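Read the structure below first, then the notes.
The values are calculated or read from the model by the stated rules, or taken from the named source; none is laboratory data. All of these numbers come straight from a predicted model, not from anything done at the bench. Every residue, glycine as well, gets a Cβ built from its backbone with ideal geometry; the counts of neighbours run over all protein chains shown.
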Amino acid sequence: MKRTSTAIIAAIALTAMLGTPLGAQGTQLSGTIAERFGQQIVVTTPEGRLLVTLPEGAEVPGEGARVSLDGTRDGDTFAATALTVTGTAEARPVALPQPLSGLGLTDIRIRPDDDGETYIYARLPGGGWLRAEARGDRLIEVQSDIVGLPESLVAAMLPEAARAEPRFADIARLTEIELDEGEISVEGYAADGMRIEIEFGRNGDLRDYERERDDRRSLSDAAARERLEALGYTQIGFLERGGRDVEALALNPFGDQVEVRLDDQGRVERERLWTQ
């Protein structure tokens, strides 16, 4: 009788072991959200950082939020079945070059580069997105997609002589300013849709002027956004049109922040991970 009971207990234990994936443990954990990638988050715990997959449809808290999770752990990954926010996210200051401060920018995304430059993407209050490139605390390039650059930003980056140049007044929507060694380049569109490019010296004296028809074959802004959404991309940010390509910052269907390029037929030509 004793042998029979022992055999039954051993069978029950073996069944329980077979029903649980090797290395996986049902458990609870708590920590602070360090990063977000769609429905996945990285949580910092006293034991280290874990990649957590949230339940489908769960609302993703912001970075800095303190959370408690139920689920299954397997090594450095955690499949959550329940999430509770135990503390609100603390606002983290974002360092911006001075000309960008006070513009009311939202959805700010910053990426330092290996060459010492920083790329900044943000939503403008009047609609559309801004892309900026900085070297240290000095802006060297700014672009906007569907709206013109804010007047206060233009005044901060262009000398008064350049802004007073009569040809500069031809630009109804200024979309780009670039500060190169020894010169300033601006680009925008006239009221009739013609594209205008002007080059100034650093003191604002006129160097070159060009006005041409916008004959780019790339998808329009609206068509590119519609196509990206159809392909499963979300949170589509700054969008830049080239001769036949469109590049955009977005989340891909896996929840990764990427730079994606579409050709003039709406096909994905390249996708590259965008790290923050």
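Odds and ends about this structure:
- Any chance residue 165 is at pLDDT 95 or above and farther than 27 Å from residue 104 by Cα: yes
- So residue 134, is it in a strand (DSSP E or B), farther than 23 Å from residue 27 by Cα and without any contact (Cβ under 8 Å) to a residue 40 or more places away in the chain: yes
- Unmet requirement for residue 177, which otherwise passes all of (1) hydrophobic (A, V, I, L, M, F, W, C); (2) within 26 Å of the chain's Cα centre (by Cα); (3) in a helix (DSSP H, G or I): (3)
- Output for region 36-83, where each listed residue is under 25 Å from residue 107 (Cβ atoms) and in contact (Cβ under 8 Å) with a residue 40 or more places away in the chain: 37, 38, 39, 40
- Breaking point among (1) closer than 20 Å to residue 132 by Cβ; (2) acidic (Asp, Glu); (3) in contact (Cβ under 8 Å) with a residue 60 or more places away in the chain, for residue 256: (1)
- Number of residues in region 164-174 that are part of a helix (DSSP H, G or I) and either touching a strand residue (DSSP E or B) at 6+ places or on another chain (Cβ under 8 Å) or under 26 Å from residue 119 (Cα atoms) (or both): the value is 3.
- When each of 117, 160 is tested for being of a type outside the set (A, V, I, L, M) and either closer than 26 Å to residue 246 by Cβ or without any contact (Cβ under 8 Å) to a residue 40 or more places away in the chain (or both), the lone residue that passes is 117.
- Condition broken by residue 5, with the remaining ones in (1) at pLDDT 55 or above; (2) among the polar types (S, T, N, Q); (3) assigned to a helix (DSSP H, G or I) satisfied: (1)
Here's the yes/no breakdown for (1) of a type in the set (Ser, Thr, Tyr); (2) closer than 16 Å to residue 35 by Cβ:
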| site | (1), (2) |
| --- | --- |
| 62 | no, yes |
| 76 | no, yes |
| 106 | yes, no |
| 115 | no, no |
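- Flag for residue 95 being without any contact (Cβ under 8 Å) to a residue 60 or more places away in the chain, of a type in the set (A, V, I, L, M) and surrounded by fewer than 15 Cβ atoms within 10 Å (Cβ to Cβ): yes
- Filter result for residue 235 (in contact with a strand residue (DSSP E or B) (Cβ under 6 Å, 6 or more places away or on another chain), surrounded by fewer than 14 Cβ atoms within 10 Å (Cβ to Cβ) and of a type outside the set (Lys, Arg)): yes
- Residue in region 108-165 that is surrounded by the most Cβ atoms within 10 Å (Cβ to Cβ), counting only those that are closer than 25 Å to residue 222 by Cβ and among the hydroxyl-bearing types (Ser, Thr, Tyr): 144
- The requirement of being at pLDDT 75 or above and more than 30 Å from residue 142 (Cα to Cα) is not satisfied by residue 106.
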